[in-house]
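In what follows, a single structure is set out as structure tokens and then discussed.
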Amino acid sequence: FTVGVSFTRYLKAENYTFLSALYERQNLPYGKADVPLSDALLLAGYMHPLLSDGGKNAFVYAGFSALAGYEELNRGASLLPDGAELLDSSRIVGGGGVHLAVELFLSDHLLFVLSGRGLFLFGSDAHLFRPAISAGFRINL
């Protein structure tokens, strides 16, 4: 699962910048047990509109981001449930991401957002590339 909060600032011509804080948790299979993997990430990025309808109610955006954070593997423990020693460790990670989003204005301040992203986490011992698809609402204040 992933949970996060994002702050968006619109610029000229419908493009925007964003700052997001994400917490991601997944379980990596190991024999009959799972090894927990947690990431706390901070993303800063830019989104540019590719398409929009005539009334400016629907947009397709593409963008990129830079990221930094901390990855914790097996809650920081080096021993696995079967007694094996884990050679990978918790560490600081960095990288970047590519983003694609469809945004639909439901009202002046409420949007429905369907997005996909691919994050590249350099320094990670688990997965270099992390794809994700999400859907949600954005409230513009």
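List of remarks:
- Net charge over other residues, Cβ less than 10 angstrom from the Cβ of V35 (K, R count +1; D, E count -1): -1
- Note on P(r) over Cα pairs in 5 Å bins from 0, in percent: of the candidates [x] 2, 9, 17, 21, 15, 12, 9, 7, 5, 3, 1, 0, 0; [y] 2, 8, 12, 12, 13, 15, 13, 11, 7, 4, 1, 0; [z] 2, 9, 16, 15, 11, 9, 8, 6, 6, 5, 4, 3, 2, 2, 1, 1, 0, 0, 0, 0, 0, the value calculated from this structure sits at [x].
- For A62, neighbours were defined as the other residues whose beta-carbon sits under 13 Å from its Cβ, and their charges (Lys and Arg +1, Asp and Glu -1) total -1.
- Taking all protein chains into account, the per residue accessible area for the chain stands at 60 Å² (1.4 Å probe).
- Other residues with beta-carbon under 15 Å from the beta-carbon of L22 carry, at +1 per Lys or Arg and -1 per Asp or Glu, a net charge of -1.
- Among 94-100, 128-134, 15-21, the order from most to least packed when residues are scored by Cβ within 10 Å on average: 94-100, 15-21, 128-134
- Here the chain exposes an accessible surface that is 64 percent carbon and sulfur, computed with a 1.4 Å probe and the other protein chains kept in place.
- Between T8 and Y30, the modelled label-to-label distance comes to 3.9 nm, taking each label 7 Å out from Cα in the direction of the beta carbon.
- Extension gain, V98 to A21, is 26.1 nm, computed as 0.36 nm per intervening residue step minus the present C-alpha separation.
The values are calculated or read from the model by the stated rules, or taken from the named source; none is laboratory data. Keep in mind the model is a prediction, meaning the values are calculated, not measured. Cβ atoms come from the backbone with ideal geometry, glycine included; neighbour counts cover every protein chain shown. Quick note on the areas: whole protein, heavy atoms, side chains included, nothing else; ligands and nucleic acids left out. Shrake-Rupley method; radii C 1.70, N 1.55, O 1.52, S 1.80 Å.
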